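*Asks:* Before anything else, here's the structure in question.
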Amino acid sequence: MIPSDCPLVVVGATGAVGREALAILEVRGHRADRIRAVASARSAGSTIPYAGSTIPVTEAGPASFVDCKVALFCATSDIARTLAPAARAAGCAVVDNSSAFRAEPNVPLVVPEVNGAEVAAAASPAIIANPNCSTILLLVALEPIRKRFGIERIVVSTYQAVSGAGAAAITELKTQATDMLAGREPRTNVFAEPCAFNVFSHNSAMDEATGLNGEEKKMISETRRIWHDANVEVSPTCVRVPVVRAHSESVTMTLVTPASEAEVRQSFEGAQGVFLIDDRKANKFPTPLHASGTDIVFVGRLRADPGSKRDAQGRTRNHCLFLSGDQLRKGAALNAIQIADLLFAK
Ligand SMILES: NC(=O)c1ccc[n+]([C@@H]2O[C@H](COP(=O)([O-])OP(=O)(O)OC[C@H]3O[C@@H](n4cnc5c(N)ncnc54)[C@H](OP(=O)(O)O)[C@@H]3O)[C@@H](O)[C@H]2O)c1
């Protein structure tokens, strides 16, 4: 675990992920005087409430990392590429939430519940990439099943909260909802489409040749990289829904070894970071509202795929589930802090 007196920097401390990182550190009792909060020049001079006091925000630059041991990067890829070398030159380990280093072969891409052991192999001072939020939630939910039966194909549809696009998107959803309820035209800024009372294809860039958007490409490439399985087939469809925070995903998977529904269910017993909410009688299953603000990926709607044949023992290779998890926490800030914890264990 990161010692509570470890000097650390949060880059992008004023954003949706940066604020969540500070909230987690606060609950853990990390000393305020050991945290440097940095952001753009726009935020320099402001303060962030922390543990009954405030932390001043300064402008990010190479000097931000002097005498610090860990830098949690919660800003854009450009900023990560510009400032991560300065952080490492100052002897500061980097955990980056952006996509800047995710494809670099010498940078581990880590979900602690899945491939946390890779942190130990990182160069020193380390640079570790936090995977894409939808991929983290998916792989935490699937790990108990993968460990026991293997997985060779995933078909996944996401229901992604607007806060995945940053703090400004939360404001956009609230403002649009207010305007539309008052009969006013919604104004768009972060998203091209109105996000209130609407569902639309993920806002990342669409590749005209493949028909895949950027989020879908990340889910494919990052799953393969984290699992070290270039052959796993991943078929994602990523969309935004009018939810403030916590992503949900509907998943159908093909196992390597056939399993009964009961065997798949059993694989979740004692699993790390996952909790089953699967009450068919009460029609109670994971929701993003329930997952918001929590550290757990909630899984439910576990069922053998009704469209596939079963053997005499009721086993099939095709199974379905639904998940909800807080992408600002487990999909970003919490996963990054857990990676930093592993660096200290190392
Ligand atoms: N949101 C999610 O659910 C999520 C999940 C996984 C990964 N991520 C990734 O995490 C990163 C942060 O996302 P976010 O949602 O927190 O975005 P955000 O709410 O828009 O926050 C962006 C942060 O970056 C800071 N920043 C902007 N320009 C800067 C500069 N020149 N120098 C230093 N800091 C600067 C901003 O500071 P100002 O306030 O001063 O502008 C703000 O603190 C992104 O790479 C994103 O892709 C996000």
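*Asks:* Tabulate in residue order the Karplus-calculated ³J(HN,Hα) for the range 183-197, using 6.51 cos²θ - 1.76 cosθ + 1.60 with θ = phi - 60°, rounded to whole Hz; enter x for Gly and Pro.
*Replies:* Once θ is set to phi - 60°, the couplings for the range 183-197 become x, 8, 5, x, 9, 9, 9, 5, 9, 6, 9, x, 9, 6, 6 Hz.
*Asks:* Next up: Which far-off residues, 5 or more places away or on another chain, put their amide H under 5 Å from the one on ASN213, with H placed in the peptide plane?
*Replies:* It is ASP207, by chain and number.
*Asks:* How do MET1, MET219, MET206 rank by accessible surface area computed with a 1.4 Å probe, from largest to smallest?
*Replies:* My answer, sorted largest first, is MET1, MET206, MET219.
*Asks:* While we're here: How would you order 159-170, 32-43, 174-185 from highest to lowest mean count of nearby Cβ atoms within 10 Å?
*Replies:* Packing order, densest peptide first, comes out as 159-170, 32-43, 174-185.
*Asks:* Residues with amide H under 5 Å of SER235's amide H, sequence separation 5 or more or different chain, H placed in the peptide plane at 1.01 Å from N; which?
*Replies:* Residues meeting the amide H criterion: ILE154, VAL155, VAL156.
*Asks:* Can you give me the angle between helix 214-227 and the longest principal axis of the chain, using Cα atoms only, in degrees from 0 to 90, rounded to the nearest 10?
*Replies:* Long axis of 214-227 versus the principal axis of the chain: about 80 degrees.
*Asks:* Oh, and also: Explain nothing, just the number: relative contact order of the chain, from Cα pairs under 8 Å at least 6 residues apart, as a whole percent.
*Replies:* 19 percent
*Asks:* Would you please put 92-102, 135-145 in order of how densely packed they are, using the mean number of other Cβ atoms within 10 angstrom per residue and starting with the highest?
*Replies:* 135-145, 92-102
*Asks:* At 1.4 Å probe size, with every protein chain present, just tell me what the per residue accessible area of the range 1-156 comes to in Å².
*Replies:* 39 Å²
*Asks:* With no solvent and one equal point scatterer per Cα, compute the Debye intensity ratio I(q)/I(0) for the range 135-327 at 0.09, 0.14 Å⁻¹ and report its log10, rounded to two decimals.
*Replies:* -0.37, -0.83
*Asks:* Mean residue ellipticity at 222 nm from the helices of the chain, using -39,500 (n - 2.57) per DSSP H segment of n ≥ 4 over the full residue count, to the nearest 500 deg cm²/dmol?
*Replies:* Theoretical 222 nm ellipticity from helices: -8500 deg cm²/dmol.
*Asks:* A follow-up question, please. With θ set to phi - 60° and the Karplus curve 6.51 cos²θ - 1.76 cosθ + 1.60, what are the ³J(HN,Hα) couplings of the range 167-177 in order, to the nearest whole Hz, using x for Gly and Pro?
*Replies:* Ordered by residue, 3J(HN,Hα) equals 4, 5, 6, 5, 4, 4, 4, 5, 5, 5, 4 Hz.
*Asks:* So with the 1.4 Å probe, I'd like the accessible area per residue for the range 188-270, rounded to whole Å².
*Replies:* Normalised by residue count, the accessible surface of the range 188-270 is 47 Å².
*Asks:* In addition: By the scheme Lys and Arg +1, Asp and Glu -1, what is the net charge of all other residues having a beta-carbon under 13 Å from that of ALA75?
*Replies:* 0
*Asks:* Restricting things to alpha carbons, tell me how big the range 78-145 is in terms of Rg and Dmax, in Å.
*Replies:* Expressed in Å, the Cα Rg and Dmax of the range 78-145 come to 12.6, 41.
*Asks:* A further question follows. How large, in percent, is the carbon and sulfur part of the accessible surface of the chain at a probe radius of 1.4 Å?
*Replies:* Carbon plus sulfur share of accessible area: 52 percent.
*Asks:* Write down the percent of antiparallel bridges among all DSSP beta bridges whose residues are both part of the range 1-138, to the nearest 5.
*Replies:* Counting DSSP beta bridges with both partners in the range 1-138, the antiparallel share is about 15 percent.
*Asks:* Let me ask you something else. Toward the positive end of the charge dipole of the range 135-327, about the Cα centre and with charges on Cβ (Lys, Arg +1; Asp, Glu -1), which of ALA230, GLY293, ALA312 goes farthest?
*Replies:* Checking the options against the dipole of the range 135-327, the answer is ALA312.
*Asks:* Taking the highest mean first, how do the peptides 335-342, 285-292 order by number of other beta carbon atoms within 10 angstrom per residue?
*Replies:* In descending order of packing, they fall as 335-342, 285-292.
*Asks:* Going by amide H atoms built from the backbone, whose H comes under 5 Å of the H on TYR50, apart from near neighbours?
*Replies:* ILE55
*Asks:* Rounded to the nearest 20 debye, what is the charge dipole size of the chain about its Cα centre when +1 sits on each Lys and Arg Cβ and -1 on each Asp and Glu Cβ?
*Replies:* It works out to roughly 440 debye.
The values are calculated or read from the model by the stated rules, or taken from the named source; none is laboratory data. Please read all numbers here as calculations on a predicted model, not as lab measurements. All Cβ positions, glycine included, derive from the backbone under ideal geometry; neighbour counts span all protein chains shown. Accessible surface is based on the protein model in full, side chains and every heavy atom, while ligands, DNA and RNA are left aside. Shrake-Rupley method; radii C 1.70, N 1.55, O 1.52, S 1.80 Å.
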